[in-house]
Amino acid sequence: MILAKANQIYFAFAKSKVECNICHYKANRLSSDFWHLYTKCPNCSSGIRRRLVLATFEHIEDFSFKKIIEGKSILHFAPEKPLRNLIKQHAKSYKTADLLMEGYFYGKLDYNIDISNMPVIEDESFDCVIACDVLEHVPDHIKGIKEVYRILKKGGHCIFTVPQRDHLKITHEDLSITNPRDREKAFGQFDHWRIYGDDFSSFLEKCGFKVTIVDANSFPKEVVERNVLFPPILSKKENVTNFRKVFIGVK
C-alpha cells in the first residue's frame, strides 16, 4: 500500500504511459490477469471491458453520460463497483440487479432476479439497462434480451458486453454441457453456457434493437494506448477475447 501511494505521488509529477480512466491510477504499464498481460488496473481492478464502456460515455457524443445516463433511470446488472459509483453519480434513478450465485458478490442489490425472467419489473420502466458479461451465464439469453427490450422505455438504451472468441463467426452454444470443467474447456469459464461469435449483434437486432458497436477503433490511438482499451500484447489463450466490443442497442 505504501509503495503504491509512493508510486502515484511520483506519477503526479512525472509523465506516465498509461492511466486508468475509471480511478485515474497512473503507471508505465498495468498489471496482468489470467487472460492478458498488462491490462488490469492494480488499483480498481478494472479490465478493458469496463474502461471501454466508460470511454464510450466520455468520448462518443451519441452515447455520452449526458445523453443516456444523466437524469435517466438506470438498471445495472452485475454492477462492478468502479463503474457503479460513477454511473450512480450521474443517474436520476439507479437500481442494481443480479441473480445471486455462489462465488459472486456485488454488495447490496435492489433486485435479485434472472435477466431472462423479470416479472417484478413493469414494461417500459427504465431508460437504460447495463449488463456487462452477463448473458453468457444465462441459459436462455434470447429471452434475456427480449426482457431487457420489454422493460426499456421507447428510445431507451441497452449496453451489453460479452466474451467473444477471436475470429469465431457463429456463437458456440451447447446447453447439454453441464460439467463445470467441460464448460470451462468449451466456453472459457465453468459457469458460461456459450462463447459468442461475431453474430452477437444479430441477436439484439432480431429482438428489435438498433445496434451500434463500439471498440478500440472508435477512439483516437492516443486514447486507446493511454487508457489501455486494447491489449498491448495479444493473448494466444484458447477462448480469449482480444477484441473487446461494447454493444449499444436503442429501442
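The values are calculated or read from the model by the stated rules, or taken from the named source; none is laboratory data. Please read all numbers here as calculations on a predicted model, not as lab measurements. So basically every Cβ, Gly included, is an ideal-geometry build from the backbone, and we count neighbours across all protein chains shown.
Show the residue pairs meeting these rules: Cβ distance below 8 Å; 6+ apart or different chains; first residue within segment 52-72 and more than 19 Å from LEU229 (Cα to Cα) and free of Cβ contacts under 8 Å to residues at least 24 places away in the same chain; second residue among the basic types (Lys, Arg) and part of a loop (DSSP other than H, G, I, E, B).
Pairs found: GLU70/LYS92; GLY71/LYS92.
Determine, yes or no, whether THR39 is in contact (Cβ under 8 Å) with a residue 60 or more places away in the chain and either buried (at least 19 other Cβ atoms within 10 Å of the Cβ) or polar (S, T, N, Q) (or both). Reasoning before the result, please.
Working: in contact (Cβ under 8 Å) with a residue 60 or more places away in the chain: yes; either buried (at least 19 other Cβ atoms within 10 Å of the Cβ) or polar (S, T, N, Q) (or both): yes.
Taking the combined requirement at face value, the residue satisfies it.
Do the conditions hold for ASP127, that is, is it touching a Gly at 6+ places or on another chain (Cβ under 6 Å), among the charged types (D, E, K, R) and crowded, with 19+ Cβ neighbours inside 10 Å?
Against the criterion (touching a Gly at 6+ places or on another chain (Cβ under 6 Å), among the charged types (D, E, K, R) and crowded, with 19+ Cβ neighbours inside 10 Å), ASP127 qualifies.
ASP199 is checked against (1) over 19 Å from the mean Cα position of the chain (by Cα); (2) surrounded by fewer than 18 Cβ atoms within 10 Å (Cβ to Cβ) and fails just one. What number does that condition carry?
Failing condition for ASP199: (1).
Only one of SER46, SER16 is in contact (Cβ under 8 Å) with a residue 24 or more places away in the chain and assigned to a loop (DSSP other than H, G, I, E, B); which?
The conditions single out SER46.
Take residues that are within 29 Å of GLU147 (Cα to Cα) and tell me which of the helices (runs of 4 or more DSSP H) falling wholly in segment 176-251 contain 2 or more.
Hits in segment 176-251: 180-187, 200-206.
Let's see how each residue does on (1) of a type in the set (Val, Ile, Thr); (2) over 19 Å from the mean Cα position of the chain (by Cα); (3) at pLDDT below 95; (4) more than 27 Å from LEU234 (Cα to Cα):
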{"site": "VAL138", "(1), (2), (3), (4)": "yes, no, no, yes"}
{"site": "CYS158", "(1), (2), (3), (4)": "no, no, no, yes"}
{"site": "ILE170", "(1), (2), (3), (4)": "yes, yes, no, no"}
{"site": "GLU173", "(1), (2), (3), (4)": "no, yes, no, no"}
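Do we find a residue being of a type in the set (A, V, I, L, M), touching a residue at least 24 places away in the same chain (Cβ under 8 Å) and over 22 Å from ASN242 (Cα atoms) anywhere in segment 153-174?
Looking for residues that are of a type in the set (A, V, I, L, M), touching a residue at least 24 places away in the same chain (Cβ under 8 Å) and over 22 Å from ASN242 (Cα atoms), one finds none in segment 153-174, hence no.
Can you name the condition, by its number, that PHE200 falls short on among (1) among the aromatic types (Phe, Trp, Tyr); (2) touching a helix residue (DSSP H, G or I) at 6+ places or on another chain (Cβ under 8 Å); (3) under 21 Å from LEU168 (Cα atoms)?
All conditions pass for PHE200, except number (2).
Conditions tested, residue by residue: (1) surrounded by fewer than 19 Cβ atoms within 10 Å (Cβ to Cβ); (2) closer than 26 Å to PHE126 by Cβ; (3) of a type in the set (D, E, K, R).
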residue	(1), (2), (3)
HIS167	yes, no, no
HIS172	yes, no, no
ILE213	yes, yes, no
GLU222	yes, no, yes
GLU238	yes, no, yes
LYS245	no, yes, yes
ILE248	no, yes, no
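Exactly one of (1) without any contact (Cβ under 8 Å) to a residue 24 or more places away in the chain; (2) over 27 Å from ILE213 (Cβ atoms); (3) of a type in the set (Asp, Glu) is unmet by GLU122. Its number?
Here GLU122 clears every test but (1).
Quick test of your reading of the structure: LYS210 fulfils all but one of (1) under 25 Å from ASN28 (Cβ atoms); (2) touching a Lys or Arg at 6+ places or on another chain (Cβ under 9 Å). Name the failing condition by number.
Failed condition: (1).
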